[in-house]
Amino acid sequence: MNDNEKEMLPATTSLSENLKLSTKFISDDTDLGEVIQEHYPEFSHKLGMMGLHTCGNLAPSSIKIFYATGSAKFLCNVGCCYHGLEEEFYRNPYLEQDQVSDVSPGFPMCTYLREKKFWLGRNARILASQPLGRLADNKNLPSHSLMWRAVLQVILLRVIPNLSFKDQQVGRIAAKSTGFIDYVHRAFRKLNLDLTLSDEEIEKYFTEYEPKFQRKLNCFYQLRSLFAPVVEAIILLDRLQFLACQPDTKFCTVVRLFDSSVSPRCYALIATKL
């Protein structure tokens, strides 16, 4: 805001007077200038878009909206929750066999990757969200819930081998569980499945696999986490390349805004338009 624009505001303007809330369904081609025109017509000719931790598809949608809004001249966007991205060339495993996604894809954005029909997949996108900096600083090994979930998967494959992918999602129930047996009971209740195993049989699974695989699982988790920045870099560079290829882009870059051990999603896409 320049000095002339500051003078346009009343001297007694309070935060409550300046804060305007608007509920609006938006799409990738929404012109946010219309919303600004409604509430702040004096500033509608020149505005900036900022998004801190824009979840999943909201980040690429914000970038597209930036170009759909003629009066938007500045963009600062920090993406997060990469697992929530909809990919153009990867089928969402949560969809039914004959179901077609009605969500606009958010990856890839740039022409180069789209021509190659490049995809990452859900596991890679989940990995991209891993807080490697925080793991390194805190020197933490994965919690017991990782081992619990791995052994639970063995049980599910043994007891109900034809269970679909989307019907295996138990969520974060480990923190509420008093032990592995309780964890399995909670998981089966959440999945609405009949548990035919006794507590002794459940415990036998754990005592069989935990000594063999706990250390290996920890090593795999740490090795896997090293690739998190690589996948995140692919996502960010795809967005940066999209920005760079737009004819009205004046400047674009990626900058590190935050300490990664405090805020793992610490990179921001910055862009200005002509």
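The values are calculated or read from the model by the stated rules, or taken from the named source; none is laboratory data. Since the structure is predicted, the reported quantities are computational estimates derived from the model, not experimental observations. Ideal geometry is used to build each Cβ from the backbone, glycine not excepted, and the neighbour counts take in all protein chains shown. In case anyone asks, the SASA skips ligands and DNA or RNA and just uses the protein heavy atoms, side chains included. Shrake-Rupley method; radii C 1.70, N 1.55, O 1.52, S 1.80 Å.
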Quiz item: So what is the diffusion coefficient of the range 24-180 in µm² per second by Stokes-Einstein at 10 °C and 1.306 mPa s, using a Kirkwood Rh over Cα pairs?
Solution: 83 µm²/s
Practice problem: Kindly express, to the nearest 10 degrees and within the range 0 to 90, the angle between helix 228-244's C-alpha long axis and the longest C-alpha principal axis of the chain. | Solution: 30 degrees
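Nearest 0.05, what FRET efficiency do residue 31 and residue 53 give at R0 = 35 Å with Cβ-Cβ as r? Mind showing how you got there, number by number?
Numbers: r = 24 Å, r/R0 = 0.68.
E between residue 31 and residue 53, to the nearest 0.05, is 0.90.
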Exercise. Considering only protein heavy atoms, with the full assembly of protein chains and a 1.4 angstrom probe, order 89, 25 by accessible area, largest first.
Key: 25, 89
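Across every pair of different alpha-carbon atoms, what Kirkwood hydrodynamic radius in Å does the range 144-211 reach?
Details: mean 1/r = 0.0832 Å⁻¹.
It works out to 12.0 Å.
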Quiz item: Which number comes out as Rg/Rh for the range 10-112 once both Rg and the Kirkwood Rh are worked out on C-alpha atoms?
Solution: 1.07
Quiz item: Stokes-Einstein D for the range 168-274 at 20 °C, 1.002 mPa s, Kirkwood Rh over Cα pairs, in µm²/s?
Solution: 116 µm²/s
Quiz prompt | Fully extended contour minus Cα-Cα distance, from residue 157 to residue 200, at 0.36 nm per residue | solution = 13.6 nm
Practice problem: Counting only heavy atoms of the protein chains, get the accessible area per residue of the range 88-151 (1.4 Å probe) and round it to a whole Å² value. | Solution: 64 Å²
Quiz item: Over the chain, what percent of the accessible surface lies on carbon and sulfur atoms, probe 1.4 Å?
Solution: 56 percent
Quiz item: So what is log10(I(q)/I(0)) for the range 43-87 at q = 0.17, 0.30 1/Å, when the Debye sum runs over its Cα atoms only?
Solution: -0.47, -1.01
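For residue 150 and residue 119, what is the calculated FRET efficiency with R₀ set at 22 Å and r taken between the beta-carbons, to the nearest 0.05? All intermediate terms of the calculation are to be shown ahead of the outcome.
On the way: r = 26 Å, r/R0 = 1.17.
Between residue 150 and residue 119 the formula returns 0.30.
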Quiz item: For the range 201-245, what ratio Rg/Rh do Cα atoms give with a Kirkwood hydrodynamic radius?
Solution: 1.42
Quiz prompt | Debye log10 I(q)/I(0) at q = 0.21, 0.33 Å⁻¹ for the range 104-146, Cα point scatterers | solution = -0.78, -1.16
Quiz item: If the cut-off is a Cα-Cα distance under 27 Å, which lysines reach residue 24, setting aside same-chain residues fewer than 8 apart in sequence?
Solution: 46, 64, 73, 273
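Out of every Cα-Cα pair in the range 106-239, what percent are more than 27 Å apart?
Details: 3179 of 8911 pairs.
The calculated P(r) of the range 106-239 puts 36 percent of pairs beyond 27 Å.
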Quiz prompt | 10 Å-binned pair-distance histogram of the range 73-163 (Cα, whole percent) | solution = 12, 28, 33, 22, 4, 1
Quiz item: Pairing the Cα long axis of helix 144-159 with the longest principal axis of the chain, what angle in degrees results, from 0 to 90 and rounded to the nearest 10?
Solution: 60 degrees
Quiz item: Taking the Cα atoms only, what angle lies between the long axis of helix 58-68 and the longest principal axis of the chain, rounded to 10 degrees?
Solution: 20 degrees
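Compute the semi-axes of the equivalent ellipsoid of the chain, taking the square root of 5 times each eigenvalue of the Cα gyration tensor, and list them largest first in whole Å.
On the way: eigenvalues 395, 86, 79 Å².
For the chain, the ellipsoid semi-axes come out as 44, 21, 20 Å.
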Self-check item: residue 210 paired with residue 88, simple spin-label distance in nm, labels 7 Å along Cα-to-beta-carbon
Solution: 4.8 nm
